[in-house]
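Contents: one structure, followed by commentary.
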Amino acid sequence: MALYLLFESASGYAVFHAYGVDEIGQSVDAVRASVLELQRFSKAVKLAGFSPFSSAVDALNQCNAISEGIMTDELRSFLELNLPKVKEGKKAKYSVGVMEPKVGSHISEATGIPCQCNEFVQELLRGVRLHFDHFINQLKPSDLEKAQLGLGHSYSRAKVKFNVNRVDNMVIQAIFLLDTLDKDINSFSMRVREWYSWHFPELVKIVNDNYIYAKIAKFVVNKSDLAEKDIPDLADLIGDEDKAKEIVEAAKASMGQDLSPVDLINVQQFAQRVMNLSEYRKNLYEYLVTKMNDIAPNLTSLIGEVVGARLISHAGSLSNLAKCPASTLQILGAEKALFRALKTRGNTPKYGLIFHSSFIGRASAKNKGRMARYLANKCSIASRIDCYSELNTSVFGQKLREQVEERLDFYDKGIAPRKNLDVMKSAIEDMTNAVSEDGSGKEKSDASAKKSKKKKSKAEAGGEEMDLDKPVRIAAEEAEPETEKKKKKKKKKNKLVEPQDQEMADNGSVEQDETPKKKKKKNREASEDVEPKTATEGKKKRKKKSKTEDDDV
């Protein structure tokens, strides 16, 4: 069977016919030795076709398609043009060697051409890459190097842009920096306490918080300068007036040694640095909260911002976390303990980073493993919704959190939780209602704006007409005063008729029989007043009555 080699270079696609492989030998070692020598390799491999890329953009698109294992239309037309044609209903008498197995499977599925990818083919393609510029006469080695360099830069630049646009990288960096800041602030605060305790040792027992301790160390500086007039300022810093008085009294009877002004200045500056770091840590935490609510709102509402960010950073990205099964997510962060348990045949860990969640802390000792498994299941659902959903809502995360709360109650009190199907249906309904409310609110605002514009335009157009129509309207009002008086009299009559009808309805059945006759008479009188009958209409009705009487007889 003949063998053809598909080679993707930076300048274009090339197909080589490996017709002299049998002369070299089928073993990989023999091929590896013959690849280095151009004379021997050129006897075994011959160029069958070459199709250069039209531009750098085309080269980048083809490179992206090959890396994803996709056969483009250009590659398909190139293969159909340069490979021998196969008759319908018969198998091909050749095969194509490719470097990427995904591309080979796609080619064989789309075109029916058999492809292979093994060590033997890879060694031949390595030789083609080594001597590629010698096979094509018009291609210079410098041109090939420039094409490779340009394509490499554009391909890596596109990948970097893709990673930058994925916002979860910012979350990964922020959570790493937050953990580092926690360690640094803790060690620096201990250093401030130890340093300032040489001068004022009693302050450590009075103030426990590191940030407030650094504030007081910066404010007091020299304990001998403290007096009762400083109590209000100390109370503002601490938030407790009794502690402020205690600090002033402790400063008067302190056992600490005196420090030189230079040492006190250094302590004061270091305390200021610690305060700045702790304030920056608060700002960074707020930034992390906003980012997590934008990127993974459901995971954040389920398990919290810090634990969710740690899971994303440990997995590498939100997409990687979404691909993890729940069993992997459960022990994420406890890999050392897992492999140690597998090696020693001990008990495997029940939880990793999920342990920092409040749900597992609230569960009893015997139910911690069950709770970790259930929470990992819900976290995997939330991460997949955040990764693949287009709508940025936290409805599913809130419902999943309610499910975890119900599971805790089930373990403690035995209350049966809701089914997952019912919870998801209610979440979908809430989400659709929220989306419809947002859309209707926007439509109402747009409609109200349009109506207000129409009213303004009508008022502006009608303002000019009002002045012109005034004399005509006055003449019409003077000409028809009698018609308005008649209308008023008719309205009064109708008002008088309505209460009479109500009274008749309240009376007995005998009166009910009499009411329709009275109503008919009144209606006739009103119709005669409004529209007098013509002579022809009266004659027609008399004829109809006579016909009905004859029929009855």
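The values are calculated or read from the model by the stated rules, or taken from the named source; none is laboratory data. Not measured: the values here are computed from a predicted model. Every residue, glycine among them, receives a Cβ derived from its backbone with ideal geometry; neighbour counts consider all protein chains shown. For the accessible areas, the whole protein counts, side chains as well, though only heavy atoms, and no ligand, DNA or RNA atoms are used. Shrake-Rupley method; radii C 1.70, N 1.55, O 1.52, S 1.80 Å.
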Practice prompt. State the percentage of accessible surface on region 1-143 attributable to carbon and sulfur atoms; use a 1.4 Å probe and exclude ligands, DNA and RNA.
Written response: 50 percent
Fill in: When region 359-419 is reduced to its Cα atoms, the Kirkwood hydrodynamic radius in Å
12.4 Å
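When ranked by the protection proxy of mean other Cβ atoms within 10 Å per residue, highest first, what sequence do the peptides 428-437, 391-400, 67-76 form? Don't skip to the answer; put the middle values down first.
Values: 428-437: 12.3, 391-400: 20.1, 67-76: 14.9.
Final packing ranking: 391-400, 67-76, 428-437.
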Worksheet item: Roughly how big is region 2-160's charge dipole about its Cα centre, with Cβ charges of +1 (Lys, Arg) and -1 (Asp, Glu), in debye to the nearest 20?
Response: 180 debye
Worksheet item: Looking only at Cα atoms, what is the convex hull volume of region 296-434 per residue, in Å³?
Response: 108 Å³
Worksheet item: Any idea of Asp412's accessible area? Nearest 10 Å², probe 1.4 Å.
Response: 100 Å²
Item to complete: Among Val204, Gln268, Ser187, pick out the residue whose Cα is farthest towards the positive end of the charge dipole of region 171-284, where Lys and Arg carry +1 and Asp and Glu carry -1 on C-beta, about the Cα centre.
Response: Ser187
Item to complete: Measure off 7 Å from each Cα along the Cα-to-Cβ vector at Val262 and Asn392, then give the distance between these two points in nanometres to one decimal.
Response: 5.5 nm
Worksheet item: Mind ordering 54-60, 241-247, 306-312 by average Cβ neighbours within 10 Å, highest first?
Response: 306-312, 241-247, 54-60
Worksheet item: With a sphere of radius 9 Å drawn around the Cβ of Val35, what net charge do the other residues whose Cβ falls strictly inside it have (Lys, Arg +1; Asp, Glu -1)?
Response: +1
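Per residue, how much space in cubic angstrom lies within the convex hull of the C-alpha atoms of region 95-190?
Expressed per residue, the convex hull around the Cα atoms of region 95-190 is 216 Å³.
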Worksheet item: What ranking do 250-256, 96-102, 340-346 get when scored by the average of other Cβ atoms within 10 Å per residue, highest first?
Response: 96-102, 250-256, 340-346
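Would you mind checking the pairs Lys378/Lys425; Lys205/Lys243; Lys368/Lys419; Lys323/Lys366 and listing those with alpha carbons more than 18 angstrom apart?
Over 18 Å apart, Cα to Cα: Lys368/Lys419; Lys323/Lys366.
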Worksheet, complete the sentence: Computed curve, region 265-352, Cα-only Debye sum without solvent term, log₁₀ I(q)/I(0) at 0.13, 0.23 Å⁻¹, is -0.61, -1.07
Fill in: Shape call, region 2-160: gyration tensor on alpha carbons, a/c limit 1.5
oblate
Response to the item:
A convex hull over the alpha carbons of region 171-284 yields, per residue, a volume in Å³ of 93 Å³
Fill in: Within region 171-284: Cβ-based charge dipole about Cα centre, in debye rounded to nearest 20 (Lys, Arg +1; Asp, Glu -1)
340 debye
